[in-house]
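These notes are about the structure you will find just below.
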Amino acid sequence: MTEKDIYAGLTQLGGATALPASPEEAVLERVPNPQADTAYCVRFAAPEFTSLCPITGQPDFAHLVIDYVPGEWLVESKSLKLYLGSFRNHGAFHEDCTVSIGRRLVELLAPAWLRIGGYWYPRGGIPIDVFWQTGAAPGGVWIPEQGVAPYRGRG
């Protein structure tokens with residue numbers, strides 16, 4: 001498989017692309033995994049993720065960490081960035097945002113394994129951290145800790 005074949009069909013990479021208005025409108029794209037015969041972990045960190053409180057409309061902020069062991073597919077990173085950015089005007093609770101992102105990636109990629117950690121900054125004085133994964137991590141793959149410290153406030 002050539003590099004040109006891997007990138008054939010992508011619609012967002014290599015040009016200006018507007019931020020989608022909502023997660024439902026966002027187009028997540030995938031490319032064939034050229035190392036599909038090797039088990040390895042891919043990590044995406046989004047330390048400035050934002051969404052809106054569905055009740056007050058106030059912004060919520062999180063540090064997201066997505067780890068996955070790919071199968072036949074990799075997520076195209078620009079489409080992932082645009083998808084995550086589409087949550088900026090989306091009203092949903094922390095739990096819904098975090099789990100929805102994980103499920104959408106699993107639906108697209110059919111990975112061997114995926115986990116997402118949503119480390120949310122306090123709302124009403126209480127940080128809410130949300131963790132979801134598809135099952136036990138595969139053996140023989142180095143999967144580091146996510147490395148995000150619990151929120152400690154000023155103290």
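The values are calculated or read from the model by the stated rules, or taken from the named source; none is laboratory data. Being a predicted model, the structure only gives us computed values, none of them experimental. Areas reflect the complete protein model, heavy atoms only, side chains present, ligands, DNA and RNA absent. Shrake-Rupley method; radii C 1.70, N 1.55, O 1.52, S 1.80 Å.
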For residue 74, distant residues with modelled amide H under 5 Å away: 31, 33
Placed amide H near residue 60: partners under 5 Å, 5+ positions off or other chain: 51, 52, 53
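In deg cm²/dmol, rounded to 500, what helix-only [θ] at 222 nm does the chain give when every DSSP H run of at least 4 residues adds -39500 (n - 2.57) and the total is split over its residues? Walk me through the numbers before you get to the answer.
Working: 3 runs with 30 residues, N = 155.
So the helix-based figure for the chain works out to -5500 deg cm²/dmol.
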Solvent-accessible surface (1.4 angstrom probe) belonging to residue 129, in square angstrom, nearest 10: 60
Extended-chain gain in nm, criterion 0.36 nm per residue less alpha-carbon gap, residue 81 and residue 25: 18.8 nm
Per-residue HN-Hα couplings for the stretch 136-148 [Karplus 6.51, -1.76, 1.60; θ = phi - 60°; Hz; x = Gly/Pro]: 5, 5, x, x, x, 10, 6, 10, x, 4, 6, x, 9
Portion, in percent, of the accessible area of the chain that falls on carbon or sulfur, probe 1.4 Å: 54
Average accessible surface area per residue within the chain, 1.4 Å rolling probe, Å²: 57
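State the Kirkwood hydrodynamic radius of the stretch 10-60 in Å, one decimal place, computed from all pairs of distinct Cα atoms.
Values: mean 1/r = 0.0676 Å⁻¹.
About 14.8 Å for the stretch 10-60.
How large, in Å, is the stretch 35-155 by the Kirkwood hydrodynamic radius built from its alpha-carbon pairs?
So the Kirkwood estimate lands at 15.1 Å.
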Vicinal HN-Hα couplings computed from phi for the stretch 109-120 (Karplus, 6.51 cos²θ - 1.76 cosθ + 1.60; Hz; Gly/Pro x): 9, 6, x, 5, 6, 8, 9, 9, x, x, 9, 8
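Could you work out how much longer the chain between residue 145 and residue 100 gets when fully extended? Use 0.36 nm per residue separation minus the Cα distance between them, nm to one decimal. Walk me through the numbers before you get to the answer.
On the way: separation 45, 0.36 × 45 = 16.20 nm, distance 2.17 nm.
So the chain would gain 14.0 nm between residue 145 and residue 100.
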